[in-house]
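Report on the structure given below.
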Amino acid sequence: MPESKRCPGPEKFNRRQVLRVGSFGIGGLGLPALLAGRSASALPTPTETAAILLFLHGGPSQLETFDLKPDAPSGMRSMFRPIASKVPGIEICEHLPLLAAVADKFSLIRSLNHEMSAHSDGQIEVMTGKTPARPDPTSTSVGDHPDVGHIASERRGPHPEGIPRYVAMPSPLYATSPRYLGEDHKAFAISDPSASLYMPIKVVVDGEARTLDDRRRLLGHLDELRRGFDLEARWSVVNRFQEQAFTMLTSSAVARAFDLSREDPRLRDRYGRHRWGQSCLMARRLAEAGTAVVTLYIDTPLDGPEFTNWDDHAENAMRPGHFAGYMQRRLPYLDQAVSALIEDLYQRGTDRQIMVVVVGEFGRTPKINKGARNSYGRDHWPAAYSALVAGGGLSVGTVVGATDRQGAYPSDRPLSPKDLLATVYRHLGINTATILRDHLNRPFPILAQGEPIRELLSHSPT
């Protein structure tokens, strides 16, 4: 493992730099936020399965979340106390009491493991199911294969009412790309829905916001763009973008799905009026409306020097102090948002249709290390980490796998991110043996390895 202070990880990708409203970006066309104020009725009854993937950016410590080891040696044991949950025998972190109260509605996987110790490589492994051929210790690599959201977009095809099939918020994952599937399957990225100036969808042409009244000008802009394209194949992509753009612009279903003001203010309070809470609520709306995959980039719940992401090595984000202090500040926001999402799905009867996964790119070292300025933290550790899964008609109130006394290696039922992805694909109805071809016509199965996690399938539909 590299020294903590040398980690070039997530802090390299400043949230303010990567946060972008919208991803329909060709020749100055963007679709960051559209149709605030269109009147329509409640969301339609869901008809398709969906997955909400909360990606805990940086790699959360299994020892301070879902796999505490209070009896481990000093310098290794969890910094927090385990507390009993609603399910006898299942204990989680003391700073996750709301999740403990709904433990009968989710399951834990405690034996995930792989070999990629850099942030981008880990993200590629977890989200694509393809191990990078050449590990990149600089954490700047981008995968050669599409992730689960890109593939779901391609497999499902355009939604008849213009709902984007793949949505990312409050920014897209930085290490994956649609690659050979085409840019029209890129994640539709929306900004922080908790922001005071958040506006769901507008059209941006030449740097200026436009409304529906400017559709003729937008079409003219696209016509000008077309004249600049020589290759028919490239223009076909622009045509698809144009078709998607106008479908979205004229869709009342899109307007409804992206309009959080339709939710009861008390429910919005329950989720939490912060980035993670409102993103989870928005994700639920989109999943019910027809989005196949929503990825939530769970970095920091609010801005400010008191918050860091999940890369809890010494001096994370160049901040002094003990990592446990930052985690203690951060965990209640995750507790509130995820517990509200899970309860909301059950109360709305969409818990079988929508699957929720909470996971990061890897875990943290059992050993706590000291860094500069009297700082303490845990380094990258892909050899053992945890995930939470809920909904999707899966078994609940159970723990799959276990780690040794230090939380360092799986001691029972070792599982890979590919197995977790296979479980997600099964829920989405996507055959992982399907062959996709790249630009050189080389064949690639959606997932060459990995099997749905059988312990989670006992109560799920066939």
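Based on what the data block shows, is ARG378 touching a His at 6+ places or on another chain (Cβ under 7 Å), over 30 Å from PRO160 (Cβ atoms) and basic (Lys, Arg)? Reasoning before the result, please.
On the way: touching a His at 6+ places or on another chain (Cβ under 7 Å): yes; over 30 Å from PRO160 (Cβ atoms): yes; basic (Lys, Arg): yes.
Judged against the criteria, ARG378 is a match.
If you take the residues of the range 117-142 that are surrounded by fewer than 23 Cβ atoms within 10 Å (Cβ to Cβ) and not polar (S, T, N, Q), which of them is nearest to CYS7 (Cα to Cα)? Even if it seems obvious, please write down each step before you answer.
Keep residues of the range 117-142 that are surrounded by fewer than 23 Cβ atoms within 10 Å (Cβ to Cβ), which gives 117, 130-138, 140-142.
Retained after the next criterion (residues that are not polar (S, T, N, Q)): 130, 132-137, 142.
On the way: LYS130: 23, PRO132: 19, ALA133: 21, ARG134: 18, PRO135: 14, ASP136: 12, PRO137: 9, VAL142: 17 Å.
The extreme case among them is PRO137.
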Q: Go through the range 127-167 and give me each residue that's among the small types (Gly, Ala, Ser), over 19 Å from ARG284 (Cα atoms) and touching a helix residue (DSSP H, G or I) at 6+ places or on another chain (Cβ under 9 Å).
A: GLY129, SER139, SER141, GLY143
Q) TRP381 versus (1) closer than 25 Å to ALA292 by Cα; (2) surrounded by 21 or more Cβ atoms within 10 Å (Cβ to Cβ): which is the lone unmet condition? A) (1)
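Do you know which residues across the range 67-83 are in contact with a helix residue (DSSP H, G or I) (Cβ under 7 Å, 6 or more places away or on another chain) and either surrounded by fewer than 17 Cβ atoms within 10 Å (Cβ to Cβ) or not charged (D, E, K, R) (or both)? Steps first, answer last, please.
The initial filter retains those residues of the range 67-83 that are in contact with a helix residue (DSSP H, G or I) (Cβ under 7 Å, 6 or more places away or on another chain), namely 69, 78-80, 83.
Selection gives SER78, MET79, PHE80, ILE83.
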Q) Hey, among the residues in the range 340-367 that are surrounded by 20 or more Cβ atoms within 10 Å (Cβ to Cβ) and either of a type in the set (Lys, Arg) or farther than 25 Å from GLU48 by Cβ (or both), which one's nearest to the chain's Cα centre (by Cα)? A) GLY360
Q: Under 7 Å between Cβ atoms, at least 6 apart or on separate chains: pull out the pairs that start in the range 274-290 with a residue that is modelled with pLDDT of 95 or more and end on any residue that is of a type in the set (Phe, Trp, Tyr) and surrounded by fewer than 24 Cβ atoms within 10 Å (Cβ to Cβ).
A: HIS274/TYR333; TRP276/TYR333
Q | Complete set of residues in the range 67-89 that are under 29 Å from LEU421 (Cβ atoms) and in contact with a Phe, Trp or Tyr (Cβ under 9 Å, 6 or more places away or on another chain) | A | ASP67, LEU68
Q: Could you list all residues from the range 176-206 that are of a type outside the set (Gly, Ala, Ser), over 21 Å from SER261 (Cα atoms), part of a loop (DSSP other than H, G, I, E, B) and at pLDDT 90 or above?
A: THR176, PRO178, LYS186
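For ALA337, indicate whether it is surrounded by 22 or more Cβ atoms within 10 Å (Cβ to Cβ), of a type outside the set (S, T, N, Q) and over 20 Å from MET76 (Cβ atoms). I'd like the intermediate steps shown before the answer.
Working: surrounded by 22 or more Cβ atoms within 10 Å (Cβ to Cβ): yes; of a type outside the set (S, T, N, Q): yes; over 20 Å from MET76 (Cβ atoms): yes.
Answer is yes for this residue.
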Q: Please work out which one of (1) under 24 Å from GLU455 (Cβ atoms); (2) touching a residue at least 60 places away in the same chain (Cβ under 8 Å); (3) crowded, with 18+ Cβ neighbours inside 10 Å; (4) hydrophobic (A, V, I, L, M, F, W, C) is the condition ALA101 fails and give its number.
A: (3)
Q. Considering MET127, MET116, which residue is modelled with pLDDT of 95 or more, in contact with a Gly (Cβ under 7 Å, 6 or more places away or on another chain) and not polar (S, T, N, Q)?
A. MET116
Q: Report, by residue number, each residue of the range 406-448 that is assigned to a loop (DSSP other than H, G, I, E, B), of a type in the set (Lys, Arg) and surrounded by 14 or more Cβ atoms within 10 Å (Cβ to Cβ).
A: ARG413
Q) Could you give every pair whose Cβ atoms fall below 6 Å, whose first residue belongs to the range 128-150 and is β-branched (Val, Ile, Thr), and whose second residue is surrounded by 17 or more Cβ atoms within 10 Å (Cβ to Cβ) and assigned to a loop (DSSP other than H, G, I, E, B), counting only separations of at least 6 or pairs across chains? A) THR128/GLY143; THR128/HIS145; THR128/ASP147; VAL142/ALA175; VAL142/SER177
(Q) Against the conditions (1) surrounded by 21 or more Cβ atoms within 10 Å (Cβ to Cβ); (2) in contact with a helix residue (DSSP H, G or I) (Cβ under 7 Å, 6 or more places away or on another chain); (3) free of Cβ contacts under 8 Å to residues at least 60 places away in the same chain, where does GLU64 fall short? Just the number, please. (A) (3)
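For the range 391-398, does any single residue satisfy the condition of being surrounded by 24 or more Cβ atoms within 10 Å (Cβ to Cβ) and either of a type in the set (Gly, Ala, Ser) or under 22 Å from ASP312 (Cβ atoms) (or both)?
Of all residues in the range 391-398, those surrounded by 24 or more Cβ atoms within 10 Å (Cβ to Cβ) come to 391-392, 394.
Filter once more, keeping what is either of a type in the set (Gly, Ala, Ser) or under 22 Å from ASP312 (Cβ atoms) (or both): 391-392.
The answer is yes; a qualifying residue exists.
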Q. Does LEU63 meet the test of being under 18 Å from the mean Cα position of the chain (by Cα), modelled with pLDDT of 95 or more and outside any loop (DSSP other than H, G, I, E, B)?
A. no
Q: Residue by residue through the range 433-462, note down the ones that are polar (S, T, N, Q) and in contact (Cβ under 8 Å) with a residue 24 or more places away in the chain.
A: THR434, GLN449, SER458, SER460
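The values are calculated or read from the model by the stated rules, or taken from the named source; none is laboratory data. Computed from a predicted model, the values in this text were never measured in an experiment. A quick note on method: Cβ atoms are made from the backbone with ideal geometry, for glycine too, and the neighbour counts reach across all protein chains shown.
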